[in-house]
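Asks: Input: one structure, supplied below.
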Amino acid sequence: MTPALDYAHSQAAHFRAQLHDFLRIPSVSADPDYTVEVKRAADWLFDHLKNMGLHVELIEMADRHPLIYAEWLGAGSDAKTVLIYGHYDVQPAIIEDGWDTPPFEPTEKEGFIYARGATDDKGQMFAHVKAVEAVLKSDGKLPCNIKLIFEGEEESGGRHLAHFIKTHGKRLNADVCVVSDGSMMTIDQPIISNALRGIMAMEVTVQGPTQDLHSGMYGGTVHNPLQALAEILAQLHHADGSVAVPGFYDDVLPLTPQERAEIAAVPWDISDWQQETGATHPWGENDFSLNERIGARPTLEINGMAGGFYGNGFKTVLPAKAIAKISCRLVANQDPQKIQEQVIAYIRQLAPATVTLEFKYHGTGQPVLVKTDIPVMQAAIQAYQRGWGAAPVFKREGGSIPVVADVQNTLGIPVILMGFGLNSDGLHGPNEHFSIEMFHKAIDTSIHFLYAVAEQ
Ligand code: BES
Ligand code: ZN
């Protein structure tokens with residue numbers, strides 16, 4: 001594998017320049033105004049993989065963003081097959097959100113690349129792509145068969161890849177699936193995630209009068225929808241931070257003492273939490289540690305509220321409606337559909353007769369628990385030891401990657417959540433960045449992984 005590592009090191013600057021090109025494309029999947037840009041990113045990736053000598057397909061999805069599938073099966077049917085998953089879409093970003101540099105003009109500063117998607121997920125997935133290239137270019141072949149599947153709607157809750165898995169899953173058949181989308185606490189302590197939370201996202205509109213009214217003429221007689229919404233939302237949690245939706249915790253598996261010990265062994269505590277969030281005091285379920293609350297407990301978050309007048313100056317309005325976007329993070333054994341029904345039933349129960357409700361659904365994703373005692377996990381551990389220079393620890397992740405459950409449960413392929421980012425990379429926020437050193441270590445680690453899998 002030394003020639004592959006040598007190749008990757010000699011091409012380091014070139015690889016980064018290519019990543020910059022990729023990052024320059026604003027592939028924001030949630031915003032229909034960016035559909036053309038998402039397609040441009042898919043085309044860019046298609047060309048890139050083709051130029052590497054892979055067989056590539058751009059799989060169009062009705063009304064949605066395409067999948068990119070690539071393969072190299074030259075190792076033969078006796079050899080292992082590795083499936084690499086990543087997403088080429090990104091979260092929205094505008095400079096007004098607090099960016100110091102334009103989000104789609106990648107900027108290298110003090111050892112980091114700043115751009116939307118730098119770590120989530122273009123930088124991380126591209127590390128695997130470059131590892132494949134390094135091995136292919138330096139050796140003329142790969143030690144195992146490779147399949148790559150990249151989607152363009154992970155950040156917007158799209159389920160087309162899940163549908164593709166249901167209908168064309170056989171094409172993705174592999175011995176292991178590597179997911180290049182995760183984060184570690186420090187560069188010195190790599191992480192393999194052993195859990196992802198599931199998700200249920202929705203919005204509720206509270207409708208009051210048929211149109212905005214003069215608050216002096218009608219205030220005190222019409223139940224203000226913003227107030228009604230606030231009254232409902234205020235009852236979604238108990239004072240102790242737990243979720244008040246009846247039945248919400250019914251299917252949550254209690255943590256065993258061993259699981260709690262494993263979670264406690266992850267080196268991350270309140271001072272890290274304070275530094276990363278800038279918040280002063282933790283909030284939430286007191287009976288659980290911060291790591292447990294993030295990785296092993298379900299939550300309900302209000303992601304946004306809108307209504308009434310919030311422009312410059314002042315307007316004495318009694319608004320006609322109010323909206324809240326709500327999502328739940330779910331843990332193993334919880335069913336997103338069931339949770340959705342419970343949340344809706346509870347909100348209906350809380351709503352006063354003075355308003356009407358309308359619900360909109362934004363999708364669901366199953367939670368995932370990853371098996372760590374499988375042989376291929378040893379290959380991943382070895383890869384980090386060799387490529388990163390340290391053994392990884394297992395950590396339950398708070399975020400969600402909905403398709404992982406489909407890969408694990410529908411395809412029955414073991415998943416390795418091989419993250420290369422840092423918690424502090426600012427994913428989804430302003431000034432998202434990716435460490436240049438970590439990008440190159442990621443390529444090395446991915447090269448080692450391919451050889452370690454082949455060796456097994
Ligand atoms: N990369 C994240 C998920 C993640 C974050 C994994 C941190 C591990 C550590 C992913 O791109 C993401 O943000 N997913 C969304 C999914 C949602 C929109 C359905 C999420 O978790 O909010
Ligand atoms: Zn993300």
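Asks: List the pairs whose first member sits in the stretch 174-192 and is under 16 Å from Val82 (Cβ atoms) and at pLDDT 95 or above, whose second member is acidic (Asp, Glu) and away from ligand 2 (no atom under 16 Å from the Cβ), and whose Cβ atoms are under 6 Å apart, counting only residues at least 6 apart or on separate chains?
Replies: none
Asks: Identify all residues within the stretch 284-340 that are closer than 30 Å to Ser271 by Cα, part of a loop (DSSP other than H, G, I, E, B) and open to solvent by 70 Å² or more (accessible area, probe 1.4 Å); write none if there are none.
Replies: Asn286, Asp287 - these are the residues of the stretch 284-340 that are closer than 30 Å to Ser271 by Cα, part of a loop (DSSP other than H, G, I, E, B) and open to solvent by 70 Å² or more (accessible area, probe 1.4 Å).
Asks: Another question about this same structure. Considering every residue within the stretch 71-85, establish whether at least one is within 16 Å of ligand 1 (Cβ to nearest atom), touching a residue at least 60 places away in the same chain (Cβ under 8 Å) and either among the aromatic types (Phe, Trp, Tyr) or in contact with a His (Cβ under 7 Å, 6 or more places away or on another chain) (or both).
Replies: Yes - at least one qualifying residue is present in the stretch 71-85.
Asks: How do the strands (runs of 3 or more DSSP E) wholly within the stretch 151-235 filter down when requiring 1 or more residues that are open to solvent by 20 Å² or more (accessible area, probe 1.4 Å) and near ligand 1 (Cβ under 10 Å from one of its atoms): which remain?
Replies: It comes to 198-207.
Asks: Would you call Asp212 touching a residue at least 24 places away in the same chain (Cβ under 8 Å), more than 16 Å from ligand 2 (Cβ to nearest atom), farther than 26 Å from Pro298 by Cβ and touching a Ser or Thr at 6+ places or on another chain (Cβ under 7 Å)?
Replies: no
Asks: Against the definition (farther than 30 Å from Arg16 by Cα, free of Cβ contacts under 8 Å to residues at least 40 places away in the same chain and surrounded by fewer than 20 Cβ atoms within 10 Å (Cβ to Cβ)), how does Gly412 come out, yes or no?
Replies: It is true that Gly412 is farther than 30 Å from Arg16 by Cα, free of Cβ contacts under 8 Å to residues at least 40 places away in the same chain and surrounded by fewer than 20 Cβ atoms within 10 Å (Cβ to Cβ).
Asks: Would you kindly identify the strands (runs of 3 or more DSSP E) lying entirely within the stretch 73-140 that contain at least 1 residues that are under 28 Å from Ala405 (Cβ atoms) and more than 22 Å from the chain's Cα centre (by Cα)?
Replies: Output list reads 81-87.
Asks: Right, another one. How many residues does the stretch 341-366 contain that are within 22 Å of Ala30 (Cβ to Cβ) and not in a strand (DSSP E or B)?
Replies: Result for the stretch 341-366: 2.
Asks: Additional query: Taking Leu253 as the residue in question, decide whether it is more than 16 Å from ligand 2 (Cβ to nearest atom), out of contact with any Gly (no Cβ under 7 Å at 6 or more places or on another chain) and open to solvent by 20 Å² or more (accessible area, probe 1.4 Å).
Replies: yes
The values are calculated or read from the model by the stated rules, or taken from the named source; none is laboratory data. Just so it is clear, the model here is predicted, and its values are computed rather than measured. Because the Cβ atoms are built from the backbone with ideal geometry, glycine has one as well, and the counts that use them run over all protein chains shown. Protein only, heavy atoms only, side chains kept; ligands, DNA and RNA dropped before computing areas. Shrake-Rupley method; radii C 1.70, N 1.55, O 1.52, S 1.80 Å.
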